[in-house]
Amino acid sequence: MKIIEITSPNDERIIDYKSMKDNLIDSLGNSIFVAEGEKVVLKLLKYNLKIVSVFAKRSFYSEHFNCFENFHSTNLFTANDELLKNIIGFKMHTGVMAIAHKPEMSDINQLSDTIVCLNGIVDSENIGSIVRNCVAFGVDSLIYDKT
């Protein structure tokens, strides 16, 4: 496992982490997203999505070394706490992020019988709370608008 040390907030390899916006597009035109937080990234590593990169404190890689055995083409980045803060603009609680390709949208007929619809919700904290509640209550399908 090769971990790349980032020493400058202007390093082009981590540009997508600097914006932390939804609907990111990589250099090849693929839709990507940024996952933030240790639990979220660990869950992401278990799914069959193409993970572009992981950007985390070195301790995360040490603690979860076995999670990266099959990620030979994924860029693994690290930086010290101060640089991580400078890159994303705020102190991260867990110091762990990842970028992955967005999965294909499912056909509405493939969704489960229990669906939550999100309409006009723009606050990411509210969306996070809703998604966590959906998981707690066994909801596995979400429909959302572009807002």
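Wholly within the stretch 52-147, which strands (runs of 3 or more DSSP E) include no fewer than the required count, namely at least 3 residues that are closer than 20 Å to Ile25 by Cα? Give the steps one after another, and end with the answer.
Working: elements: 75-78, 96-101, 115-118, 141-144.
Ranges flagged: 75-78, 96-101.
Quick one: in the stretch 92-129, which of the residues that are farther than 30 Å from Thr78 by Cα and in contact with a strand residue (DSSP E or B) (Cβ under 7 Å, 6 or more places away or on another chain) is most open to solvent (accessible area, probe 1.4 Å)? Before you say what the answer is, go through the steps one by one.
Narrowing the stretch 92-129 to residues farther than 30 Å from Thr78 by Cα: 105-122.
Okay, now just the ones that are also in contact with a strand residue (DSSP E or B) (Cβ under 7 Å, 6 or more places away or on another chain), so 111-112, 114-118.
Numbers: Leu111: 42, Ser112: 36, Thr114: 72, Ile115: 68, Val116: 40, Cys117: 94, Leu118: 21 Å².
Here the residue is Cys117.
Scanning the stretch 47-68 for residues that are more than 20 Å from Ile32 (Cβ to Cβ) and touching a residue at least 40 places away in the same chain (Cβ under 8 Å), which turns out least open to solvent (accessible area, probe 1.4 Å)?
Per the criteria, the residue is Tyr61.
Would you check if there is a residue in the stretch 86-94 being farther than 30 Å from Val135 by Cα, at pLDDT below 85 and either β-branched (Val, Ile, Thr) or under 17 Å from the mean Cα position of the chain (by Cα) (or both)? I'd like the intermediate steps shown before the answer.
Kept after step one, since they are farther than 30 Å from Val135 by Cα, are these residues of the stretch 86-94: 86-87.
With the extra rule that they be at pLDDT below 85, the set shrinks to 86-87.
Cutting the leftovers down to either β-branched (Val, Ile, Thr) or under 17 Å from the mean Cα position of the chain (by Cα) (or both) gives us 87.
Checking the stretch 86-94: at least one residue is farther than 30 Å from Val135 by Cα, at pLDDT below 85 and either β-branched (Val, Ile, Thr) or under 17 Å from the mean Cα position of the chain (by Cα) (or both).
Restricting attention to the stretch 11-31, does a residue exist that is closer than 15 Å to Lys102 by Cα, open to solvent by less than 50 Å² (accessible area, probe 1.4 Å) and at pLDDT 85 or above?
No - not one qualifying residue is present in the stretch 11-31.
Can you find a residue in the stretch 92-105 that is in contact (Cβ under 8 Å) with a residue 24 or more places away in the chain and farther than 15 Å from Ala35 by Cβ? Break it down stepwise before answering.
Going residue by residue through the stretch 92-105, those that are in contact (Cβ under 8 Å) with a residue 24 or more places away in the chain are 92-103.
Then drop every residue that is not farther than 15 Å from Ala35 by Cβ, which leaves none.
Among the residues of the stretch 92-105, not one is in contact (Cβ under 8 Å) with a residue 24 or more places away in the chain and farther than 15 Å from Ala35 by Cβ, which makes the answer no.
The values are calculated or read from the model by the stated rules, or taken from the named source; none is laboratory data. Small disclaimer: the values here were computed from a predicted structure and weren't measured. Counting neighbours? That spans all protein chains shown, and the Cβs are built from the backbone with ideal geometry, glycine included. The accessibility values were calculated without ligands, DNA or RNA, using every heavy atom of the protein model including side chains. Shrake-Rupley method; radii C 1.70, N 1.55, O 1.52, S 1.80 Å.
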